[in-house]
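The values are calculated or read from the model by the stated rules, or taken from the named source; none is laboratory data. Note that this is a predicted model, so its numbers are computed, not measured. When we count neighbours, we look across all protein chains shown, and the Cβ atoms used for this are built from the backbone with ideal geometry, even at glycine.
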Amino acid sequence: MTSKETGQDPTSGVSETETAVETGRRKFIKRGVAGAVGAAAYSGGFPMIWSQNIKNITLRQFGTGVSNINEIGQKVKEDLGFNLEMTALDTDTTAQRVVTQPKSFDIADIEYFTVKKVWGSGNLQPFDVSRLKYYDKIVGIFKDGKLTPDATLAQGTAPHTVGYTDSFDSKSFADSETNWYTLVPTIYNADTLGIRPDLIGRPIESWAELLNPEFKGKSSILNISSIGIMDAAMVCEAMGEIRYGDKGNMTKEEIDKTIAIFTEAKRNGQFRAFWKSFDESVNLMSSGEVVIQSMWSPAVAKVRSMGIPCVYQPLKEGYRSWGGGLGLSRNLSGLELDAAYEYINWYLSGWVGGLLMRQGYYSAAPETSKAFMSEDEWGYWFEGKAAKSDIIDPFGNKLESAGAVRDGGSFYDRMGKVACWNSVMDENRYMIRKWNEFVAS
Amino acid sequence: MRSLADKFLTSLQVTPLLGVLAVFFLLPIVVILAVSFWDYNEFSLLPDFVWTNYQELFSSPVTYKIYLSTFMFAGLSWLFTLLIGFTVAYYLAFHVHSKLWQTLLFLLCTIPFLTSNLIRMIAWIPVLGRHGLVNSGLQNIGLIDAPLEWLLYSDFAVVLAFVHLYTLFMVVPIFNSMMKIDRSLIEAAVDAGAGGWQVLRQIIIPLCKPGIVIGSIFVITLVMGDFVTVQTMSGGQNASVGVAMNNKRALLQYPAAAADAVVLLVVVLLIVAVLMRVVNVRKEL
């Protein structure tokens, strides 16, 4: 929950009204500020020059993606003048909050598969695309699903399938581009297996290697059912054991078969451990307990920064990808809604993108980030070129030395090979039950 | 007959404790019991009265499997903590004669408790790992050629961690019982010709029963409800009742988790009831 409902400026008369009750604040702003100042300023065009009152606005954002990076909140205050409060939550909790406590947030930083679950609740309002300044800079993945014109569409909850809605009040998704965005895309990446090349000593090219008996007792998979099942499906398909209609929306039979293959492997001692948290995956890999496992990009960077060789191995079957964006609460209106649009336009204008890209994620509007990255950083992270000097992350940690090349290469090499997007299945509850049986078996 | 004022005063004195227990103990259990009959969907709890949570629990083969492994963890941990705890307490009570040393050694036993549970558990990981202390030590002295894989992320590791974490809960009550034993009883037994074994079996163990039962209740209830140790030390590859419950909680299936909790509560209460039948702890304290 938010700790500070009120603005920062105690001299302003608005603050006192705000402290009383939240609804009081909103009414006040709608009636007093938005009516008079907001509308007047808005007619002046973009960027808006607001009165002092903008400083009293606090946008409350929660979510999974970048909601735990405080630098963004500080920069918002600096560049835009209003307050952004951020609360980091796990994926399940964000979905629950959006549905059950729509008044507890202004902006939801959520993943696309979460939107598929929650859009029907009507608690989010769509974005008016015509008010997005950098819409034309957003990559095709979040428009027609195609990164390049000749790209093939991936399985699962691909962002473009849940990215648009037909009208301001619609509770369903549109088939193609409309003027109404359900989420404004912000962050995404392509996930694959992490390996210890020094302990494996031969090339790894397929997801099937996760269950290769050669790595008996030395492999691991993540124990978060919704993502673990996708990695498992990538493996089963690569082994040629199962052909899926859609890995992102499996039938009960497909779930049963997938779980059966993994249960058998578990009984044969294939897995050293299952991991649930980022740190566990780093420890398993760095200690050498595990030589091949599902992994996340920053975890690989962490292992490498310890001086231990670890590769985020591109595989011939492609990547499992995920994407997130910002959603707007239905309750947002008036000056606060304007502030939210201001924030989102600022978000896509490059500074945040640079912050994300220098951690190994991608920005939805990558071009705008270029100005906020050095040529060397852009070359390394986006173009897949060899680093000319040390690569430092936004928090000052050295990630790579000069000469290093990003695993998987350039943006187009990596995002162009997405096989499947994180998703929520129709048989979700059944899948969770089967996954828990697998873990307990 | 007590006067009405007396009765009133007594109930007034009892009220604060009763209030605390009602709010922080009774109420949560009633809530859990009530929620266990609710229905739920992906986002919300639906107040209702349905048996589906219990039906799903009892119809799943996984439930029986995890209860079996939880009982196994509890049984083994109980056995080893009892053996080690009894031995340590016996040494402290009967072999250390100076009061000062007794106190010092007893304090020594509690030192590990100055760090958190989690850290004491995680500390085993670098010790037992594939390239850990034990494996590299054994390999260096040539006892084994390849690292022993079963040391870590195994049932062995889980039980080892439990024994390490909970032995003190056995030592303390048993030591306490032993210190209450009248030494002249032992002298009399020895004078009457009893050997060391006989003294142990016929005097010390019977008189330590309350301590043993209290320690057992501690260890068994702690292990039955655990989820962190099992999760961490088995590398997520084995499950206990607590792990399953925690999974359901994380997936927002609160009613299902509540049903789990109710069943676990009943099972643990049954175990405690049986233990209390063995020894009347209240009478012997």
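If we keep just the residues of the range A:274-292 that are more than 9 Å from chain B (Cβ to nearest Cβ) and among the hydroxyl-bearing types (S, T, Y), which is surrounded by the most Cβ atoms within 10 Å (Cβ to Cβ)? Among those that are more than 9 Å from chain B (Cβ to nearest Cβ) and among the hydroxyl-bearing types (S, T, Y), it is A:S281. Listed conditions (1) among the hydrophobic types (A, V, I, L, M, F, W, C); (2) in contact (Cβ under 8 Å) with a residue 60 or more places away in the chain; (3) out of contact with any Lys or Arg (no Cβ under 9 Å at 6 or more places or on another chain); (4) assigned to a helix (DSSP H, G or I) are all met by B:L252, apart from (4).
Residues that are farther than 15 Å from A:L59 by Cβ and either outside the structural domain of A:A339 (by TED's automatic domain parsing) or not aliphatic (A, V, I, L, M) (or both) within the range A:79-94 comprise A:D90, A:T91, A:D92, A:T93, A:T94, listed in sequence order.
What residue, of A:I242, A:I200, A:I221, A:I229, is of a type in the set (V, I, T) and either within 20 Å of A:E111 (Cα to Cα) or in contact with a His (Cβ under 8 Å, 6 or more places away or on another chain) (or both)? Steps first, answer last, please.
Working: A:I242 fails: either within 20 Å of A:E111 (Cα to Cα) or in contact with a His (Cβ under 8 Å, 6 or more places away or on another chain) (or both); A:I200 fails: either within 20 Å of A:E111 (Cα to Cα) or in contact with a His (Cβ under 8 Å, 6 or more places away or on another chain) (or both); A:I221 fails: either within 20 Å of A:E111 (Cα to Cα) or in contact with a His (Cβ under 8 Å, 6 or more places away or on another chain) (or both).
Matching residue, one of A:I242, A:I200, A:I221, A:I229: A:I229.
Would the range B:143-153 turn up any residue that is of a type in the set (V, I, T), within 14 Å of another protein chain (Cβ to nearest Cβ) and at negative phi? Taking every residue of the range B:143-153 in turn, none turns out to be of a type in the set (V, I, T), within 14 Å of another protein chain (Cβ to nearest Cβ) and at negative phi.
Go through the range B:194-218 and give me each residue that's polar (S, T, N, Q) and farther than 20 Å from B:H95 by Cβ.
Kept after step one, since they are polar (S, T, N, Q), are these residues of the range B:194-218: B:198, B:202, B:216.
Residue satisfying the conditions is B:S216 alone.
Just checking, which of B:I217, B:I205 is touching a helix residue (DSSP H, G or I) at 6+ places or on another chain (Cβ under 9 Å), away from every other protein chain (no Cβ under 14 Å) and without any contact (Cβ under 8 Å) to a residue 12 or more places away in the chain? Spell out how you get there, then give the answer.
On the way: B:I217 fails: without any contact (Cβ under 8 Å) to a residue 12 or more places away in the chain.
From the options B:I217, B:I205, the qualifying one is B:I205.
Within the range B:151-177, the set of residues being among the aromatic types (F, W, Y) and under 13 Å from A:E289 (Cβ atoms) comprises just one member, B:Y153. With respect to being within 26 Å of A:P298 (Cα to Cα) and either in contact (Cβ under 8 Å) with a residue 60 or more places away in the chain or assigned to a helix (DSSP H, G or I) (or both), A:D231 fits the description. The requirement of being within 17 Å of the chain's Cα centre (by Cα) and not hydrophobic (A, V, I, L, M, F, W, C) is not satisfied by B:T232. For the range A:145-160, the criterion of being within 18 Å of the chain's Cα centre (by Cα) and assigned to a helix (DSSP H, G or I) is satisfied by at least one residue.
What strands (runs of 3 or more DSSP E) lie completely within the range A:238-321 and have 1 or more residues being of a type in the set (D, E)? Passing ranges: none, list empty.
Here's a check for you: in the range A:71-112, which residue that is part of a helix (DSSP H, G or I), among the aliphatic types (A, V, I, L, M) and more than 14 Å from chain B (Cβ to nearest Cβ) is surrounded by the most Cβ atoms within 10 Å (Cβ to Cβ)? Checked the range A:71-112; the qualifying residue surrounded by the most Cβ atoms within 10 Å (Cβ to Cβ) is A:V76.
Here are some residues: B:V230, B:V267, B:V243. Which one is away from chain A (no Cβ under 12 Å) and either of a type in the set (A, V, I, L, M) or touching a helix residue (DSSP H, G or I) at 6+ places or on another chain (Cβ under 9 Å) (or both)? Give the steps one after another, and end with the answer.
Values: B:V230 fails: away from chain A (no Cβ under 12 Å); B:V243 fails: away from chain A (no Cβ under 12 Å).
Being away from chain A (no Cβ under 12 Å) and either of a type in the set (A, V, I, L, M) or touching a helix residue (DSSP H, G or I) at 6+ places or on another chain (Cβ under 9 Å) (or both) holds for just one of B:V230, B:V267, B:V243, which is B:V267.
From the list B:L46, B:L57, B:L17, B:L26, pick out the single residue that is within 20 Å of A:R433 (Cβ to Cβ) and either more than 14 Å from chain A (Cβ to nearest Cβ) or surrounded by fewer than 11 Cβ atoms within 10 Å (Cβ to Cβ) (or both). Break it down stepwise before answering.
On the way: B:L57 fails: either more than 14 Å from chain A (Cβ to nearest Cβ) or surrounded by fewer than 11 Cβ atoms within 10 Å (Cβ to Cβ) (or both); B:L17 fails: within 20 Å of A:R433 (Cβ to Cβ); B:L26 fails: within 20 Å of A:R433 (Cβ to Cβ).
Of the residues listed, the single one that is within 20 Å of A:R433 (Cβ to Cβ) and either more than 14 Å from chain A (Cβ to nearest Cβ) or surrounded by fewer than 11 Cβ atoms within 10 Å (Cβ to Cβ) (or both) is B:L46.
Report whether or not A:S226 is touching a helix residue (DSSP H, G or I) at 6+ places or on another chain (Cβ under 8 Å), within 13 Å of chain B (Cβ to nearest Cβ) and farther than 15 Å from A:M425 by Cα. No, not satisfied.
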